[in-house]
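Working notes, structure below.
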Amino acid sequence: MRLPNILRQLPPVIAERMFYRYYNQRQHLYPEWFRRARLRLSPALEMQDLVPGDVISGQIALGGFYEYDLSRRIQKHSKHGGLFVDVGANIGYFTLIWLAGNPSNRAIAVEASAANQNRIETNISANGFTNRCSLITKAAGHREQKVAFDPGPEEQTGWGGICVDSRSDTSDHIDMIRLDSMIQEKVAVLKIDVEGADTWVIKGCENLFRSQLVDIIFFEQNTQRMSSLGIRNGEAQEFLTSFGFKCELISDEEWMARRK
């Protein structure tokens with residue numbers, strides 16, 4: 001069957017709509033595109049070990065990008081250099097974009113899923129960034145403790161997350177850490193996407209915020225998952241505002257915070 005080259009030639013907004021309307025359910029027809037995929041914003045980068053059937057992998061393999069607006073914002077900030085902390089790094093897509101933006105850039109990828117940890121290491125190594133990126137194989141949150149973590153369906157790399165019901169047959173118990181116990185240096189951009197627990201990650205950065213060590217934050221507010229964790233909508237924004245950040249909604253669930 002003819003490969004969907006058209007997605008890589010269409011404007012990102014149209015390509016994304018076409019992916020969900022037609023190609024998402026047909027990913028299995030194009031296995032060769034999942035072995036190696038060039039990125040639209042950084043053509044020198046190549047991602048490997050993508051997962052056919054996965055929403056994130058599918059968009060990268062067939063279209064060359066994922067969450068294009070956020071990708072462009074992160075790429076723009078990457079030109080200025082510095083440290084990028086990618087919480088919920090998934091398979092390393094945003095980390096790679098950051099590292100490609102400036103030869104002095106560094107990154108810390110935080111990923112709780114064991115399967116994704118292996119994929120991050122593969123992609124960081126394949127693109128020659130091993131010396132500029134470190135991986136934290138724990139969950140980030142507001143406390144130092146063990147938590148129940150459900151990795152989600154095997155074919156979906158981005159659906160795993162902390163869960164309240166530790167009796168679930170699919171959940172594991174993993175370590176949760178506060179970022180301010182692991183990082184004590186300037187962070188140019190902090191990106192968070194942890195399926196509802198973003199507010200906890202933000203609260204675990206309190207000492208970094210007090211020391212004004214974080215410049216820009218991108219985070220999500222998945223209200224359905226937040227509700228299951230007992231996290232109130234708007235809690236993260238209130239907390240950030242108390243430390244001098246201005247919060248702006250940039251898409252349906254995506255927020256950006258920067259110092260006033």
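The values are calculated or read from the model by the stated rules, or taken from the named source; none is laboratory data. Here the structure is a predicted model, which means the values were calculated and not measured. As a convention, Cβ positions derive from the backbone with ideal geometry for all residues, glycine included, and neighbour counts pool all protein chains shown.
Annotations for the structure displayed:
- Being surrounded by 17 or more Cβ atoms within 10 Å (Cβ to Cβ) and either at pLDDT 95 or above or out of contact with any Lys or Arg (no Cβ under 7 Å at 6 or more places or on another chain) (or both) is a description that applies to S71.
- In the stretch 125-165, the residues that are aromatic (F, W, Y) and more than 17 Å from the chain's Cα centre (by Cα): F129
- Within the stretch 1-29, restricting attention to residues that are in a loop (DSSP other than H, G, I, E, B) and out of contact with any Phe, Trp or Tyr (no Cβ under 8 Å at 6 or more places or on another chain), the residue that is modelled with the lowest pLDDT is R2.
- Selection of the stretch 148-196 for residues being modelled with pLDDT of 90 or more, among the acidic types (D, E) and part of a loop (DSSP other than H, G, I, E, B) yields E185, D193, E195.
- Residue check, A44 hydrophobic (A, V, I, L, M, F, W, C), in a loop (DSSP other than H, G, I, E, B) and not assigned by TED's automatic domain parsing to the domain that holds Q117: yes
- For the stretch 117-124, the count of residues that are under 19 Å from the mean Cα position of the chain (by Cα), modelled with pLDDT of 95 or more and assigned to a loop (DSSP other than H, G, I, E, B) is zero.
- Some residue of the stretch 73-85 being of a type in the set (S, T, N, Q) and assigned to a loop (DSSP other than H, G, I, E, B): no
- Here V51 meets the list (1) crowded, with 20+ Cβ neighbours inside 10 Å; (2) of a type in the set (A, V, I, L, M); (3) outside any loop (DSSP other than H, G, I, E, B); (4) assigned by TED's automatic domain parsing to the domain that holds E32 almost entirely, failing just condition (3).
- Just so you know, in the stretch 111-157 the residues that are of a type in the set (G, A, S), surrounded by fewer than 21 Cβ atoms within 10 Å (Cβ to Cβ) and touching a Ser or Thr at 6+ places or on another chain (Cβ under 9 Å) include one that is farthest from L229 (Cα to Cα), and it is A115.
- Restricting G244, G230, G234 to residues that are free of Cβ contacts under 8 Å to residues at least 12 places away in the same chain and at positive phi narrows the list to G234.
- Any chance D215 is within 16 Å of G88 (Cα to Cα) and in the same structural domain as F149 (by TED's automatic domain parsing): no
- Hey, I108 β-branched (V, I, T), crowded, with 21+ Cβ neighbours inside 10 Å, at pLDDT 95 or above and touching a Gly at 6+ places or on another chain (Cβ under 9 Å) or not: no
- Every residue from the stretch 64-122 that is of a type in the set (K, R) and out of contact with any strand residue (DSSP E or B) (no Cβ under 6 Å at 6 or more places or on another chain): R72, R73, K76, K79, R119
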